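A.B. asks: The structure that follows is given in the form of structure tokens.
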Amino acid sequence: MTDPFSLPSFSFPKNFIWGSATAGHQIEGDNFNSAWWRYEHEEHAKDPTFDLSGKACNSYVMFEEDNKILSTLHHQMYRLGIEWPRIEPNDGDFRIDEVEHYIKVFESLKEKGIKICLTLHHVSFPIWFQDIGEFGKKENVKYFTRFVEYVVPKIAKYVDRWIVLNEVFGGHWYNAELQQRKINYLYSHVYARNIIKQYSNAPVSSAHAFVMQQPKRQRDKFDSVMADFRDINTNEWLFHAVRTGEVVLPFTDGFYDKEIKDSFDFWAINTYVRNIVDCRIKNFRSDRYPFEKMKMLPRDFYLDAFNPECIIHNISRLNDRPVMITENGCSCDDDRFRIVFIAEYLSALNEVMKMGINVEGFLYWTLLDNYEWGHFFPKFGLVDVDRENGFKRTIKPSGYFLRDIIDNSGFNQDILRKYLTEIPSLKK
């Protein structure tokens, strides 16, 4: 984190797309037929500090209020998901009433002039699908594509941008069986995209968690080689496959498939912080440098640093097709840190656009303080959710700060000083 009051003004194109992102299981609540619902109950029985999602943000019921907040904050696009476990709770048992529920959500957004970026699979899938081996088995890809075939024709007219899968192509996996899972995910994307293209002209991608792999000792050959290896294993293999059709993954035989080539219309990028790679540690992953760690939450959490330069280093590699930032956000109890985070990361994004990278938009993660896959304590939201008092929503200053940036198509000190009077500190 630097001095935000020294940050110069910057601007974005008038057609730049602004908005926020969520995931169904993390906000809707009562997602009973999800494998994650079962998992969280198993974990909670062993460790009571592992939170149950319960009603999450109760957004399944309160979606209209959420959509009004999006409108109040002048968001132009909303990334949300549909929950496969709701729509197909049992193998082959499709629920049209659940599809109709999502259509109501979409119609509400469209009435408010908000574009829809729709995720078809965001972590959560049906219990029955997990019980047959889910995406770990290549033959199971057909069940996901069957779901896509069912739902896409019914909702295609509402969707402005498609995200097939979320954050499935990374992972530091060092055996052929686990690497095959990445290939299965890639084909799940390809087959789903082929179905979508029959019904929609909207661009299609899958969201990739783009984590910068930085050597702990910048010019040390051991750290640098392992950082490159981890980058190939988590990032570059995907970019190469989409650009060329050739799949090159460690611990598997390479192959070429023309269907894979150009199967992403744009790069959908989730970006937060970096990994520090230390070849002198058995698992190669070092702790963060102590001078950059900030304990912004009451418990340890892996997003404890500001590394806006990651956006420059990462996104500058993506010069072959448009880019959409589909997730980027800060988890903190003191909302002032979120304001600084947004300013610094948007400044970095502006820099990479000056380099000629075609970045089409920015979707902040996340709209609401949600269920963060086992815990409620990490607070990413632009909006507070009071779960003790009827899930009351309260827009935070950071939400209005981002709104003013949207209205101004950029950042300046007048906007910042309206919401921030001093550099935030963790000092008690």
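A.B. asks: Kindly indicate whether any position in the range 33-47 is in a helix (DSSP H, G or I), aliphatic (A, V, I, L, M) and in contact (Cβ under 8 Å) with a residue 40 or more places away in the chain.
C.D. replies: Filtering the range 33-47 for residues in a helix (DSSP H, G or I) gives 35-46.
Narrowing further to those that are aliphatic (A, V, I, L, M): 35, 45.
From what's left, in contact (Cβ under 8 Å) with a residue 40 or more places away in the chain: 35.
The answer is yes, given that some residue of the range 33-47 is in a helix (DSSP H, G or I), aliphatic (A, V, I, L, M) and in contact (Cβ under 8 Å) with a residue 40 or more places away in the chain.
A.B. asks: Here is a further query. Quick one: would you say Phe401 is among the hydrophobic types (A, V, I, L, M, F, W, C), part of a loop (DSSP other than H, G, I, E, B), surrounded by 18 or more Cβ atoms within 10 Å (Cβ to Cβ) and within 23 Å of the chain's Cα centre (by Cα)? Steps first, please.
C.D. replies: Values: among the hydrophobic types (A, V, I, L, M, F, W, C): yes; part of a loop (DSSP other than H, G, I, E, B): no; surrounded by 18 or more Cβ atoms within 10 Å (Cβ to Cβ): yes; within 23 Å of the chain's Cα centre (by Cα): yes.
Judged against the criteria, Phe401 is not a match.
Here is a yes/no grid of residues against (1) more than 20 Å from the chain's Cα centre (by Cα); (2) modelled with pLDDT of 95 or more; (3) of a type in the set (Lys, Arg):
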position	(1), (2), (3)
Val164	no, yes, no
Val168	no, yes, no
Tyr174	yes, no, no
Glu177	yes, no, no
Gln180	yes, yes, no
Ile196	yes, yes, no
Tyr199	yes, yes, no
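A.B. asks: Pick out the one residue from Val123, Val141 that is over 19 Å from Asn235 (Cβ atoms), under 19 Å from the mean Cα position of the chain (by Cα) and hydrophobic (A, V, I, L, M, F, W, C).
C.D. replies: Details: Val141 fails: under 19 Å from the mean Cα position of the chain (by Cα).
Result: Val123 is the single residue among Val123, Val141 that is over 19 Å from Asn235 (Cβ atoms), under 19 Å from the mean Cα position of the chain (by Cα) and hydrophobic (A, V, I, L, M, F, W, C).
A.B. asks: Take the residues of the range 48-86 that are of a type in the set (D, E, K, R) and part of a loop (DSSP other than H, G, I, E, B): which is nearest to Val148 (Cα to Cα)? Before you say what the answer is, go through the steps one by one.
C.D. replies: Step one: filter the range 48-86 for residues of a type in the set (D, E, K, R), giving 51, 55, 64-66, 68, 79, 83, 86.
Subset that is part of a loop (DSSP other than H, G, I, E, B): 51, 55, 83.
On the way: Asp51: 31, Lys55: 26, Glu83: 12 Å.
The qualifying residue nearest to Val148 (Cα to Cα) is Glu83.
A.B. asks: Considering Lys137, Lys115, which residue is out of contact with any Ser or Thr (no Cβ under 6 Å at 6 or more places or on another chain) and under 21 Å from Gln76 (Cβ atoms)?
C.D. replies: Criteria check complete, one pass: Lys115.
A.B. asks: While we're here: Report those helices (runs of 4 or more DSSP H) wholly inside the range 165-284 carrying at least 3 residues which are under 21 Å from His121 (Cβ atoms).
C.D. replies: Working: elements: 176-199, 221-231, 237-244.
In the range 165-284, the matching helices (runs of 4 or more DSSP H) lie at 176-199, 237-244.
A.B. asks: Please name all residue pairs, on different chains or six or more residues apart, with Cβ atoms under 6 Å, provided the first residue is in the range 395-407 and is free of Cβ contacts under 8 Å to residues at least 60 places away in the same chain and the second residue is among the β-branched types (Val, Ile, Thr).
C.D. replies: Asp404/Ile415
A.B. asks: Within the group Tyr185, Tyr158, Tyr191, which residue is touching a Leu at 6+ places or on another chain (Cβ under 9 Å) and closer than 18 Å to Asp262 by Cβ? I'd like the intermediate steps shown before the answer.
C.D. replies: Numbers: Tyr158 fails: closer than 18 Å to Asp262 by Cβ; Tyr191 fails: touching a Leu at 6+ places or on another chain (Cβ under 9 Å).
After ruling out the rest, the residue left standing is Tyr185.
A.B. asks: Same structure, new question: Just for the range 291-304: of the residues that are under 18 Å from Ala343 (Cα atoms) and without any contact (Cβ under 8 Å) to a residue 40 or more places away in the chain, which one is surrounded by the fewest Cβ atoms within 10 Å (Cβ to Cβ)? Outline the logic, then answer.
C.D. replies: Narrowing the range 291-304 to residues under 18 Å from Ala343 (Cα atoms): 292, 294, 296, 303-304.
Narrowing the set further to residues that are without any contact (Cβ under 8 Å) to a residue 40 or more places away in the chain leaves 292, 304.
Values: Glu292: 14, Asp304: 16.
The selected residue is Glu292.
A.B. asks: Please indicate, with yes or no, whether at least one residue in the range 316-339 is among the aromatic types (Phe, Trp, Tyr), closer than 30 Å to Asp3 by Cβ and either surrounded by fewer than 20 Cβ atoms within 10 Å (Cβ to Cβ) or touching a strand residue (DSSP E or B) at 6+ places or on another chain (Cβ under 7 Å) (or both). Steps first, answer last, please.
C.D. replies: Initial filter on the range 316-339 (among the aromatic types (Phe, Trp, Tyr)): 337.
Within this subset, residues satisfying the condition of being closer than 30 Å to Asp3 by Cβ are 337.
Right, trim to either surrounded by fewer than 20 Cβ atoms within 10 Å (Cβ to Cβ) or touching a strand residue (DSSP E or B) at 6+ places or on another chain (Cβ under 7 Å) (or both) and you get none.
No: the range 316-339 contains no residue that is among the aromatic types (Phe, Trp, Tyr), closer than 30 Å to Asp3 by Cβ and either surrounded by fewer than 20 Cβ atoms within 10 Å (Cβ to Cβ) or touching a strand residue (DSSP E or B) at 6+ places or on another chain (Cβ under 7 Å) (or both).
A.B. asks: Being under 23 Å from Leu118 (Cβ atoms), out of contact with any strand residue (DSSP E or B) (no Cβ under 6 Å at 6 or more places or on another chain) and at pLDDT 95 or above narrows it down to one residue among Leu52, Leu80, Leu70, Leu7; which is it? Please lay out each step first, then the result.
C.D. replies: Numbers: Leu52 fails: under 23 Å from Leu118 (Cβ atoms); Leu70 fails: out of contact with any strand residue (DSSP E or B) (no Cβ under 6 Å at 6 or more places or on another chain); Leu7 fails: under 23 Å from Leu118 (Cβ atoms).
Checking each option against the conditions leaves just Leu80.
A.B. asks: If you don't mind, there's one more thing I want to ask. Of Asn319, Asn307, which residue is assigned to a loop (DSSP other than H, G, I, E, B), without any contact (Cβ under 8 Å) to a residue 40 or more places away in the chain and polar (S, T, N, Q)? Quick ask: steps written out before the conclusion?
C.D. replies: On the way: Asn307 fails: without any contact (Cβ under 8 Å) to a residue 40 or more places away in the chain.
Asn319 is the lone residue from the list that is assigned to a loop (DSSP other than H, G, I, E, B), without any contact (Cβ under 8 Å) to a residue 40 or more places away in the chain and polar (S, T, N, Q).
A.B. asks: Being in a strand (DSSP E or B) and buried (at least 22 other Cβ atoms within 10 Å of the Cβ) is the filter here, so list the residues in the range 340-360 that pass it.
C.D. replies: In the first step, residues of the range 340-360 are kept if they are in a strand (DSSP E or B); the result is 359-360.
Of everything in the range 340-360, just one residue is in a strand (DSSP E or B) and buried (at least 22 other Cβ atoms within 10 Å of the Cβ), namely Val359.
The values are calculated or read from the model by the stated rules, or taken from the named source; none is laboratory data. Not measured: the values here are computed from a predicted model. Quick reminder, even Gly has a Cβ in these numbers, built from the backbone with ideal geometry, and neighbours come from all protein chains shown.
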